Amino acid sequence: MDRRTIFSPVGLLAAVILFIAVNLTAGPVLRWARVDLTQGDLHSLSDGTINILQKLGNTITLKLFWSEEAAADLPGLKVFARRVKETLQEYEARAGGKIKLTIVDPKPFSEEEDEAVGFGLQGVSVQEGGDNLYFGLAATSEDGRSLIIPFIQADREIFFEYDISQMIHTLANPEKVKVGLLSALPISGGPTPQNPFQAQVPWVISDQLNRQFDVEVILSEKVIPEDVDVLMVVHPHGLSDSALYAADQFVLRGGRALVFADPVSEFESGSRPGAGLSEEGTVDKLLAAWGLAMESGRVVGDMTVSQRVSYRDDNQVKTVNYLPWLALREDLINREEVTTAQLDNLNLASAGSLTQTEDARTSLTPLLSSSTRSMLLDGSYLVFRPDPAKLLSEFSPSGVSFTLAARIKGPAATAFPDGPPADENAGEEKKQLGEHLTKSADDINVVVVADSDLLQDRFWVEVQDFFGQRLALPMADNANLVINLLDQLGGSSDLIGIRSRASTFRPFELFDRVSQDADLKYRVKEQELVSRLKEAERKLNELQSQRQDSESPEFTPEQEEELENFRQEKVKVRRELRNVQFELRRDIERLQAWIKFINIGLVPLLLVIFAVGSWAVRRRKQGGQ
């Protein structure tokens, strides 16, 4: 077919008809055909979800309740609802007939609305006097058990696949992993040792664990129940020797454990200023028995991943990088470990450093690490209203990457070679403890995280009140880390590959680094200015005290000279501070200009160069002919 035929009226009409025909047939024929070109395959089901679907033994029914008419004036929600429908259809297609999907439109005063209310879904009035909007999901197994998402939140879109897969996995596997929680911190709520008459709200991490596992808070610290699959120990420095002995024997008997131990507990120092500093004690012997050492009283400060904080100093609000608060990014998270491979960001506070002891018989696999622009800080300074700017001015990178969390495997001996603590040696209690083990029968399997503050709500989640319900919006993957580790230690790993995979968080690392370098220079200069001010004041006071007429308000010539020197010095340092700020703005503006040029101007420029080059080549060929 020649060019004239293609561009003739008949040819163009045939092209239009062919275009319409392809679009009409492609919808039903290529319904499940997709090409996901996004980074991280954001629009594809993860391997963990596919494994769960392939293992389904019984059929599970999914009912999506979506009020189409009530959402007519909510275009953003309609787009999100379409994405939810497509995801659920993908589940149905991948399940080999084990997932039955039904989409229900619960119109007002209809049987469908009654059904939605019967499931416990939440109708929301989008306008005054208007109809209720339903956007919830109910999953039902063949034996009649059901789980629901009362209202699907667009804010949780990146966690939507995990929420659905968790529902399906829970219905297909009713037996949960049993986790024994041995904690010195009030994770599950209730009274605290500091205030036994005031009950506290459970931490969000507690809700997350209860949804996923069968959690038993261990009140009797002397014996770990035999049916516990995984032992979770939080802040062992606050536990008794009896509790640590029970944990020791549990691990030696083959039990798996997840331990959160840190040199400084910010929860304790927050409730009691000056407290929270962990002294060397039995817990260090317990870690040593596993081949681990954590230096007491010293925490990791990291310039590269430190979080910016605002605080009031001298009636001024300052914003600086606070070295002990770390926001770990993926390059500091072990990407080869299944439990951490797909985590994007983790927030830690006053974490310690783990090292392997010289006589360790266990292997150590780092899971979380600091950057090499880090150093160890004195923990005692942090428990008494630390000055972030002063910490920053004294920062000196060690060039060492510290291990913040590690997996321990291998043979181990007991931390209590002389048997149970003294108060356990008598009567019936000794019988309850069972045989004292001096070494493990097999390799132990323990994960130690050198921080317990990462479990606190304020470091990883924002809690909102949504029509009387607590809505948790995670800012970091802290809960995912804990659940992944418990999942794996408890023997289940299908859900691990799902979480966090859809995160679109993209930090501006280069901008952050330039800003941090400039901020560090600025803080050093600032501290220098403060030191000079104090030195000048000291000299002025010294000159004043040496005067015989010290009550006189007039300055002596020596004081005038010293005061003038101080003024000149202050002007000099302030000029240096302005130069540092100027360099900071100049470097960032230069970077912004380059990025704008690459994103906006580079492609058109390349096209122009290509077009001009092509035109020049054609002209040369025509000239040659």
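Residue by residue, here is whether (1) under 26 Å from Gly352 (Cβ atoms); (2) in contact with a Lys or Arg (Cβ under 9 Å, 6 or more places away or on another chain) holds:
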position	(1), (2)
Trp203	yes, no
Asp207	no, yes
Gln212	no, yes
Ile218	yes, no
Lys222	no, no
Asp227	no, yes
Val230	yes, yes
Val234	yes, no
Ser242	yes, yes
* To do: Please go through the stretch 34-55 and pick out each residue that is loosely packed, with under 10 Cβ neighbours inside 10 Å and at pLDDT below 65.
  => Gln39
* Residue check, Gly130 at pLDDT below 90, open to solvent by less than 30 Å² (accessible area, probe 1.4 Å) and over 19 Å from Arg82 (Cα atoms) -> yes
* Within the stretch 367-382, how many residues are open to solvent by 10 Å² or more (accessible area, probe 1.4 Å) and within 21 Å of Asp457 (Cα to Cα)? -> 1
* **Total residues in the stretch 78-99, condition in a helix (DSSP H, G or I) and in contact with a strand residue (DSSP E or B) (Cβ under 8 Å, 6 or more places away or on another chain)** => 7
* Structure fact -> Across (1) farther than 15 Å from Leu209 by Cα; (2) at pLDDT 90 or above; (3) assigned to a helix (DSSP H, G or I), Ala479 clears everything bar (1)
* Answer yes if at least one residue in the stretch 384-393 is assigned to a strand (DSSP E or B), open to solvent by less than 10 Å² (accessible area, probe 1.4 Å) and aliphatic (A, V, I, L, M), and no otherwise. => no
* To do: Would you point out which residue out of Leu137, Leu147 is at pLDDT 85 or above and open to solvent by less than 50 Å² (accessible area, probe 1.4 Å)?
  => Leu137
* To do: Look through Ser493, Ser503 and report the one residue that is open to solvent by less than 40 Å² (accessible area, probe 1.4 Å), at negative phi and either small (Gly, Ala, Ser) or at pLDDT below 90 (or both).
  => Ser503
* Asked: Do any residues in the stretch 433-445 that are assigned to a loop (DSSP other than H, G, I, E, B) have Cβ atoms under 7 Å from those of residues that are open to solvent by 90 Å² or more (accessible area, probe 1.4 Å) and of a type outside the set (Asp, Glu), where the two are at least six apart or on different chains, and which pairs are they?
  -> Leu437/Arg253; Thr438/Pro417; Asp443/Lys409
* Name every residue in the stretch 61-100 that is touching a Ser or Thr at 6+ places or on another chain (Cβ under 6 Å) and open to solvent by less than 70 Å² (accessible area, probe 1.4 Å), in order of residue number. => Thr61, Lys63, Lys98
* To do: Hey, can you tell me all the residues within the stretch 109-125 that are open to solvent by less than 60 Å² (accessible area, probe 1.4 Å) and farther than 24 Å from Thr170 by Cα?
  => Ser110, Glu113, Gly123, Val124
* Structure fact -> Okay, strands (runs of 3 or more DSSP E) sitting entirely in the stretch 276-358 with 3 or more residues that are at pLDDT 90 or above and in contact with a strand residue (DSSP E or B) (Cβ under 8 Å, 6 or more places away or on another chain), I get 292-294, 298-302, 316-328, 346-349, 354-356
* Asked: Only one of these conditions is not met by Thr355: (1) of a type in the set (Ser, Thr, Tyr); (2) closer than 25 Å to Phe267 by Cα; (3) open to solvent by less than 30 Å² (accessible area, probe 1.4 Å). Which number is it?
  -> (3)
* To do: Return the residue satisfying two criteria in turn: it lies in the stretch 228-253 and is in a loop (DSSP other than H, G, I, E, B) and at pLDDT below 90, and of such residues it is surrounded by the fewest Cβ atoms within 10 Å (Cβ to Cβ).
  => Ser240
* the stretch 310-336 residues that are without any contact (Cβ under 8 Å) to a residue 40 or more places away in the chain, paired with ones that are small (Gly, Ala, Ser) and open to solvent by 60 Å² or more (accessible area, probe 1.4 Å) (beta carbon under 6 Å, 6 or more apart) -> Val317/Ser310; Thr319/Ser310
* For Asn58, work out the one condition from (1) surrounded by 16 or more Cβ atoms within 10 Å (Cβ to Cβ); (2) at pLDDT 80 or above it doesn't fulfil. => (1)
* Out of the stretch 247-273, which residues are touching a residue at least 60 places away in the same chain (Cβ under 8 Å) and of a type in the set (Gly, Ala, Ser)? -> Ala247, Gly254, Ala257, Ala261, Ser265, Ser269, Ser271
* Asked: Going by the structure shown, is Gly623 in a helix (DSSP H, G or I), open to solvent by less than 100 Å² (accessible area, probe 1.4 Å), modelled with pLDDT of 70 or more and farther than 30 Å from Lys390 by Cβ?
  -> no
* Look at the stretch 160-184 and say how many of its residues are surrounded by 19 or more Cβ atoms within 10 Å (Cβ to Cβ), under 24 Å from Arg470 (Cα atoms) and touching a helix residue (DSSP H, G or I) at 6+ places or on another chain (Cβ under 9 Å). => 11
* Structure fact -> Restricting attention to the stretch 444-461, the residues that are of a type in the set (Phe, Trp, Tyr) and within 13 Å of Gly270 (Cβ to Cβ) number exactly 1
* To do: Give the residues of the stretch 204-227 that are within 23 Å of the chain's Cα centre (by Cα) and open to solvent by less than 60 Å² (accessible area, probe 1.4 Å), sorted by residue number.
  => Val204, Ile205, Ser206, Gln208, Leu209, Gln212, Phe213, Val215
* Out of Ile103, Ile152, report the one residue that is in a strand (DSSP E or B) and in contact with a helix residue (DSSP H, G or I) (Cβ under 7 Å, 6 or more places away or on another chain). => Ile103
* Which one of Leu364, Leu348 is crowded, with 22+ Cβ neighbours inside 10 Å, in contact (Cβ under 8 Å) with a residue 40 or more places away in the chain and either closer than 30 Å to Ala441 by Cα or within 19 Å of the chain's Cα centre (by Cα) (or both)? -> Leu348
* Residue satisfying all of: in the stretch 291-314; open to solvent by 10 Å² or more (accessible area, probe 1.4 Å) and hydrophobic (A, V, I, L, M, F, W, C); nearest to Asn345 (Cα to Cα) among these -> Val309
* Right, Ser393: over 20 Å from the mean Cα position of the chain (by Cα) and within 30 Å of Leu520 (Cβ to Cβ) or not? -> yes
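The values are calculated or read from the model by the stated rules, or taken from the named source; none is laboratory data. Remember, predicted model here, so these are calculated numbers, not experimental data. Reconstructed Cβ throughout: ideal geometry from the backbone, glycine too, with neighbour counts over all protein chains shown. Just so you know, the surface numbers come from the protein's heavy atoms only, side chains and all, with ligands and any DNA or RNA stripped out. Shrake-Rupley method; radii C 1.70, N 1.55, O 1.52, S 1.80 Å.
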